[in-house]
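The values are calculated or read from the model by the stated rules, or taken from the named source; none is laboratory data. The model shown is predicted, which means the values in this text are computed figures rather than measured ones. Here the Cβ positions follow ideal geometry from the backbone for every residue, glycine too, while neighbour counts run over all protein chains shown. Quick note on the areas: whole protein, heavy atoms, side chains included, nothing else; ligands and nucleic acids left out. Shrake-Rupley method; radii C 1.70, N 1.55, O 1.52, S 1.80 Å.
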Amino acid sequence: MRSRQRMFAAVMRLLLKCLRLGRRRRFKLVRQVEQLWHYGHLCLRSLLYNSFTNGDVVLDSLFEPVYWLVDHVTRWFGVVFVALVIGLTSSIVAIVYICLLPLILQTYTPAWICWHLAYGHWNLIMIVFHYYMAITTSPGHPPQAKNDLTGVSICRKCIAPKPARTHHCSICNRCVLKMDHHCPWLNNCVGHYNHRYFFSFCLFMTMGCIYCSISGWEMFRDAYAAIERMKLLEKERLQVAANQTYYQTPPPTFSFRQRAFHKSVVYLWVLCSSVALALGALTLWHAALITRGETSIERHINRKERQRLQKKGKVSIDHGTGAGWSRARCDAPLPVLQVFRNPYSYGSWDNWKVFLGVDVPRHWLTRVLLPSPHLPHGTGLSWDLPPCVMEQRAPLLAI
């Protein structure tokens with residue numbers, strides 16, 4: 001009897017020891033997991049800690065895969081966009097020569113015929129020339145080797161000298177001189193050597209689309225009304241043919257040539273009007289940038305710098321002549337604040353002369369109104385005073 005009691009007591013003690021050991025192990029495992037969690041959290045914070053981190057940095061980091069995808073898609077689809085521009089432009093030219101030109105020669109007066117032939121062909125030559133030059137001319141790239149240029153920085157992606165007004169294109173994966181943007185419709189960057197070709201193409205393409213839209217307005221109205229009559233007569237013909245035999249079916253009211261003619265006129269007017277609105281807005285935007293002597297990237301940089309200096313009270317909010325004397329609560333005059341100015345701007349008129357390469361008055365004809373492959377002022381590595389600028393306006397405050 002006692003042996004059984006001793007055996008039972010020994011079993012109970014062993015069971016209690018096992019329970020205590022399991023509880024200790026369970027608590028020990030929980031403590032190890034907590035320690036690993038805190039250690040991992042501390043390592044993550046130490047690796048990601050940055051005193052300059054804010055909401056914009058986090059948002060840019062989240063959108064970095066999207067930027068990468070857009071860059072690569074734009075790089076591969078550039079050829080498709082160029083083919084689309086050539087195809088659409090060729091279709092408009094073919095419609096004009098096949099459908100509209102015979103009608104113009106039959107119905108218009110000799111003066112209007114001469115006007116349409118002269119202006120239309122001049123505009124077409126300017127469009128083709130500037131688009132070809134824009135897609136085949138290199139925008140310009142800085143030299144990779146060391147040089148004697150002063151005031152240059154180092155590109156963090158190319159690890160090469162980066163002159164003033166030079167920026168890195170993530171699509172071309174190279175630095176571009178005086179970069180404005182990467183245009184997928186050119187499959188090329190818009191930079192120092194082809195900026196004029198790009199703007200001239202946009203300008204003459206807009207002028208050509210407006211010319212086609214205005215000249216073809218009456219034809220568009222007649223063609224649209226004819227298409228509506230076609231649909232109505234086709235519907236009535238089918239209703240009549242449904243009650244007749246095969247041999248009694250009436251012939252079609254409009255021929256294939258008439259249908260193609262009216263639909264081509266509608267296609268021409270709709271496409272030209274849409275392109276005129278979209279491309280016209282882009283042309284006006286770039287014209288405003290050229291007037292200020294800026295590129296698209298420099299406008300963003302100058303705006304940020306102007307806002308930063310305004311917060312510090314170093315420049316006036318007025319973009320004209322600057323702040324004047326003030327006696328609001330003090331008899332002593334306040335110091336005149338400086339005005340932020342673009343260091344590469346020479347004035348509205350001189351900016352256009354520098355951009356277009358107009359040195360003498362005859363260049364307005366030979367270099368602007370006629371196709372001209374002349375090079376822009378400077379090499380894009382340094383920005384000296386162009387010869388066409390009479391006097392340089394030194395900026396009061398420029399970064």
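Of the residues THR291, THR366, which single one is under 24 Å from the mean Cα position of the chain (by Cα), at pLDDT 80 or above, part of a helix (DSSP H, G or I) and β-branched (Val, Ile, Thr)?
Selected residue: THR291, the only one of THR291, THR366 that is under 24 Å from the mean Cα position of the chain (by Cα), at pLDDT 80 or above, part of a helix (DSSP H, G or I) and β-branched (Val, Ile, Thr).
Which condition breaks for LEU36 when tested against (1) open to solvent by less than 80 Å² (accessible area, probe 1.4 Å); (2) modelled with pLDDT of 80 or more; (3) not charged (D, E, K, R)?
So the condition that LEU36 fails would be (1).
Restricting to segment 184-211, name every residue that is open to solvent by less than 40 Å² (accessible area, probe 1.4 Å) and under 15 Å from ALA278 (Cα atoms).
Scanning segment 184-211 gives PHE199, PHE201, CYS202, PHE204, MET205, THR206, GLY208, CYS209.
Conditions (1) closer than 21 Å to HIS377 by Cα; (2) basic (Lys, Arg); (3) buried (at least 17 other Cβ atoms within 10 Å of the Cβ), marked per residue:
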residue: MET126; (1), (2), (3): no, no, yes
residue: PHE129; (1), (2), (3): yes, no, yes
residue: MET133; (1), (2), (3): yes, no, yes
residue: SER153; (1), (2), (3): no, no, no
residue: ILE159; (1), (2), (3): no, no, no
residue: PRO163; (1), (2), (3): yes, no, yes
residue: CYS175; (1), (2), (3): yes, no, yes
residue: LYS178; (1), (2), (3): yes, yes, yes
